[in-house]
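The values are calculated or read from the model by the stated rules, or taken from the named source; none is laboratory data. Note that the structure is predicted; figures quoted are calculated from it, not measured. Cβ atoms come from the backbone with ideal geometry, glycine included; neighbour counts cover every protein chain shown. Side chains included, ligands, DNA and RNA excluded: accessible areas come from the protein's heavy atoms. Shrake-Rupley method; radii C 1.70, N 1.55, O 1.52, S 1.80 Å.
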Amino acid sequence: MAMTDAHPTGIWSWLTTVDHKRIAIMYFVVGFAFLLVAGFEGQLIRLQLAAPGRDFLDPDLYNQLFTMHGTTMVFFAGMPLVVAFFNFVVPLQIGARDVAFPRLNAFSFWVFLFGGLFLYASIPLRAMPDGGWFAYMPLTNPEYSPGPGIDFYVLSLLISGVGSIAGGLNFLVTILNMRAPGMTFMRMPLFTWMALIVSALILLAFPPFTVGLIFMLFDRSFGTHFFDAAAGADPVLWQHLFWVFGHPEVYILILPAFGIVSDVIPTYSRKILFGYPVVVFSGVLIAFLGFGVWVHHMFSVGLGPVVNAVFGGATMLIAIPTGIKIFNWIATMWGGRLRFRTAMLYAAGLVATFTIGGLSGVMHSSPPADLQQTDTYFVVAHFHYVLIGGTVFGLFCGFYYWFPKATGRMLHEGLGKAHFWLTFLALNVTFFPMHFSGLLGMPRRTYTYAEGLGLDVFNLISTIGAFIFTLSFVPLVWNLWRTWRRGEAAGHNPWDASTLEWTTASPPPHYNFAEIPTVDRRDPLWHPYIEPESRRAGDEPGGAVPRRQPDEPPEPVIMPNPSYWPLVLAVGMLLMTIGALGSLGLTLFGLFVTAVGLFAWAFEPPFGEEAH
Amino acid sequence: MSRHSAESHPSTRLYVAIAVILAALTALEVMVFYIEALAPVLIPILLVMMAAKFALVAMFFMHLKSDGPVLTAIFAWGVFIATAIVVGLMAIFGKFGA
Amino acid sequence: MEGPTSTGIPNRKLAMWTFIGSECMLFGTLIATYMIYRGRNLVPPYPHDLLNIPFITVTTFVLLMSSLMMVLALAAVQRNDLRATKLWLGLTALFGLIFLGGQYYEFSHFVHEGLPLSRNLFSSTFFVLTGTHGAHVAGGVIWLSTLLVRTVNGKLDARHAETVEIAGLYWHFVDVVWIILFTLIYLLV
């Protein structure tokens, strides 16, 4: 991390950092590591299924692997990678020097990290959870899942959920309160808009899940009866609580990708986003409708025709705002001067592949069709198309787009394009055949299948696709290595993009902006009626935002103090979590550390100026 | 900000009046509970009084009435979604009759 | 320290309101579970065997009045009347403690009558719902106590009115939740 000033480096500075850009890098590195681990688990699953009747994995291990794969991908790869982009981009896009609560931001990261490590501590202890990433009751009750596996699932998601809620709170307040002067809501870049919406979704969706997890913990540890049919309860309640959270969760994962693409496509099309307000409000609408569709994950429970029809109809409605966005992106590209850099390829790839996943989603929004498709590989195909073709493509798009800003170096375009085409190929080769194996009736989460059912060839193709996925990381790693050694300098605005983060140096100084800009319009670096390329420096009538920030701040900038108390607090919570596996003493000690961390945090001056 | 708050927030006398109303409503709730004749309409009566107490605390003690629309919107959004989930789940579980 | 914010609302106050919005979902889910499982309990004792309306009315009244103390504490600190601030903050925390004492008595009475946490569906839903609320009250009492100690030590005055206001928002929210629980658990038994 080359900083333009004397910004401390070394392990201690990272452990105590409250700088949103450093926290973003930590989120990205850890989230990417979990992505690789979970991808490896998926690769093992595909190896087992390469041919009928294989015994590469035994059924127990298979159950553990698909549970870990799903849980890791959603909670410890997808979410942190999304939050990494929130952290890096949002303060820069709104012209702020940091988030509203820098220490809370560090705390969110540490509890996320500890939650992930705690989940993976189940591997050396030979107790991986095996109930699927949605851990349905009564399969996960103490009678049917007696070991500690499910406890690892419950406790790791409880602790990391605290970090997610804290993060949602932080970014909601940051975006509402820390915008540069003149940046009204309708002047905010689309990624910031989606971050705002997703923060609200996190705040509203995680509490029901937390409550469900607490019920499950109490049923397993203290003998309560929340999901015990014999006591008069209904195990289906768990499914409701899970999906009341779980459906908004998929929008938590996809809307940031939509936001990234909505910023990237205009940049490489040399045109402002088509229908900005419509894109914003369709995002709001998707989030709002997202709370009224959870039962479509449960059509086969048999809740009755009225319930299923209501939720099926609501689900179909979501296709409207989503489709609107697709058309807006296409209309932005239409007639634009397109430059297919790697980020743009990923953006265009998202528009195509997400649409495929969206269409199969509309197919199983209809309860009768869903009854045929549920728990088959058709559904597996659907959600991998939206999660890889949507979320992962969006995240890679953002990675190639903001990498020069974060590091000050340019990635190699050829290697980037090779990476894109391999990923694109891998996605389609792996998951397109699953539509067929699924419609032929192949159930998911079953460790093998018999010969002669017509499934062999589709599964073999899927497994080949999984190998292409593994291969696709080669050009990426090579690219990173090459850029590390001799990447050319990026400059302030290598893509001639339109938003505030491109006015500051690459990488940005730790205070982000030497002078807080005053925003006078949307796309402040582009003149509204003159094409960007016909502009020269200084040729900006009426533009209030300087195209380059001054190298040095004209006035001293007061930045938040580094602090180790967020880490202490997170360690305390980790100790409580470990103690919850069976040691009351450790739980109480963790509670003590948590309390000490909380009080020390509360009475520590957050800013340098109050240090004495 | 605090000076501004002090001027626009209601006075001590108003706070006490609100507290008296809250106490009276609570007493009324418990009385209604014990009157046999009101049993058929007990649920709507109690829910209305509950909502009234809720609104009084939020508007005056939590100053939403004088603090402007942003905070009200945030709170109302949470209350609305939570209420919708509660009512929706109760409906799915058949709590409102056939 | 912090410059003016885009909405004009201080960051911490906005954060507390946002947190309260999120808490609505937490208690909403707990309440939904309690309401769904109402009347489905198969093993005695049942709610109407145990719930003591007159007793809980008294503690409810105490918690309601603590909200009055809280707004009076805020009004006092805003006009820098520190003697009154100490009095009202102390009374708020004390009333919260009385409520918690009442809840402790109620819980231990229920356990004594044969309703430990793991007894049946009623015990599970009742204890976890009211216990979560009680934990929030306990957290509030600790918070208010630190404010009281800081006022006594002369470290809190009108410049920190915002801190008292935010603690107050939390406290009133906990009170609002109890207004709902009192009606749904005890009066609609």
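Here are a few things to note about the model shown:
- The one condition in (1) touching a residue at least 40 places away in the same chain (Cβ under 8 Å); (2) open to solvent by 10 Å² or more (accessible area, probe 1.4 Å); (3) at the interface with chain C (Cβ under 10 Å from one of its Cβ atoms) that A:PHE222 fails to fulfil: (1)
- Members of the range C:77-113 found to be farther than 24 Å from C:VAL58 by Cα and touching a residue at least 24 places away in the same chain (Cβ under 8 Å), listed by number: C:VAL77, C:GLN78, C:ARG79, C:ASN80, C:LEU82, C:THR85, C:LYS86
- Residue match in the range A:206-215 (condition: hydroxyl-bearing (Ser, Thr, Tyr) and more than 8 Å from chain C (Cβ to nearest Cβ)): no
- Of all residues in the range C:115-159, those being not basic (Lys, Arg) and not in a helix (DSSP H, G or I) number 9.
- The range C:58-69, residues that are of a type in the set (A, V, I, L, M) and either touching a Cys at 6+ places or on another chain (Cβ under 9 Å) or facing chain B (nearest Cβ under 7 Å) (or both): C:LEU64, C:MET65, C:LEU68
- In the range B:48-64, of all residues being without any contact (Cβ under 8 Å) to a residue 12 or more places away in the chain and more than 7 Å from chain C (Cβ to nearest Cβ), the one that is farthest from C:VAL189 (Cα to Cα) corresponds to B:LEU64.
- Filter result (crowded, with 19+ Cβ neighbours inside 10 Å and of a type in the set (Gly, Ala, Ser)) within the range A:564-603: A:ALA570, A:GLY572, A:ALA580, A:GLY590, A:GLY597
- The set of residues from the range A:555-612 being part of a helix (DSSP H, G or I) and charged (D, E, K, R) comprises A:GLU609, A:GLU610.
- If the condition is being over 13 Å from C:MET25 (Cβ atoms), open to solvent by 50 Å² or more (accessible area, probe 1.4 Å) and at the interface with chain C (Cβ under 7 Å from one of its Cβ atoms), then the range B:68-87 contributes only B:VAL70.
- Considering (1) within 12 Å of chain B (Cβ to nearest Cβ); (2) surrounded by fewer than 19 Cβ atoms within 10 Å (Cβ to Cβ); (3) under 25 Å from A:HIS225 (Cα atoms), the lone condition that C:PHE107 does not fulfil carries the number (1).
- Selection from the range C:143-166 of residues that are under 22 Å from the mean Cα position of the chain (by Cα), among the small types (Gly, Ala, Ser) and within 12 Å of chain B (Cβ to nearest Cβ): C:ALA161
- Scanning the range B:38-84 for residues that are within 17 Å of C:LEU64 (Cβ to Cβ) and outside any helix (DSSP H, G or I) yields a single hit, B:MET62.
- Residue satisfying all of: in the range B:88-97; more than 7 Å from chain C (Cβ to nearest Cβ) and not β-branched (Val, Ile, Thr); surrounded by the most Cβ atoms within 10 Å (Cβ to Cβ) among these: B:GLY88
- Residue in the range A:305-319 that is among the β-branched types (Val, Ile, Thr), open to solvent by 40 Å² or more (accessible area, probe 1.4 Å) and closer than 30 Å to A:ASP496 by Cβ present: no
- Residue check for C:PRO45: out of contact with any strand residue (DSSP E or B) (no Cβ under 9 Å at 6 or more places or on another chain) and not in a helix (DSSP H, G or I): yes
- Filtered by the rule that a residue be within 7 Å of another protein chain (Cβ to nearest Cβ) and in contact (Cβ under 8 Å) with a residue 24 or more places away in the chain, the range C:1-18 gives C:PRO10, C:TRP17.
- Test: A:PRO59 is touching a residue at least 12 places away in the same chain (Cβ under 8 Å) and either surrounded by 21 or more Cβ atoms within 10 Å (Cβ to Cβ) or touching a helix residue (DSSP H, G or I) at 6+ places or on another chain (Cβ under 8 Å) (or both): no
- Out of A:PRO207, A:PRO138, A:PRO189, A:PRO146, sole residue that is surrounded by fewer than 24 Cβ atoms within 10 Å (Cβ to Cβ) and either within 30 Å of A:GLY389 (Cβ to Cβ) or touching a residue at least 40 places away in the same chain (Cβ under 8 Å) (or both): A:PRO138
- Filtering A:GLY416, A:GLY438, A:GLY465, A:GLY491 for residues that are open to solvent by less than 10 Å² (accessible area, probe 1.4 Å) and closer than 30 Å to A:ILE94 by Cβ leaves a single hit, A:GLY416.
- Subset tally (residues that are touching a residue at least 40 places away in the same chain (Cβ under 8 Å) and open to solvent by less than 30 Å² (accessible area, probe 1.4 Å)) for the range A:355-374: 7
- Screening A:TYR400, A:TYR385 for residues that are closer than 22 Å to A:PHE75 by Cβ and surrounded by 19 or more Cβ atoms within 10 Å (Cβ to Cβ) leaves exactly one candidate, A:TYR385.
- Scanning the range C:164-189 for residues that are free of Cβ contacts under 8 Å to residues at least 40 places away in the same chain and not aliphatic (A, V, I, L, M) yields a single hit, C:THR183.
- Pick from the range A:244-293, criterion open to solvent by 10 Å² or more (accessible area, probe 1.4 Å) and of a type in the set (Phe, Trp, Tyr), ranking: nearest to the chain's Cα centre (by Cα): A:TYR251
- From the list A:ARG54, A:ARG46, the lone residue that is of a type in the set (Lys, Arg) and open to solvent by 50 Å² or more (accessible area, probe 1.4 Å) is A:ARG54.
- Residues satisfying the stated conditions in the range A:95-112, i.e. touching a helix residue (DSSP H, G or I) at 6+ places or on another chain (Cβ under 6 Å) and either part of a loop (DSSP other than H, G, I, E, B) or of a type in the set (A, V, I, L, M) (or both): A:GLY95, A:ASP98, A:VAL99, A:ALA100, A:PHE101, A:LEU104, A:ALA106, A:VAL111
- Residue in the range C:66-74 that is open to solvent by 20 Å² or more (accessible area, probe 1.4 Å) and under 30 Å from A:GLY232 (Cα atoms) present: no
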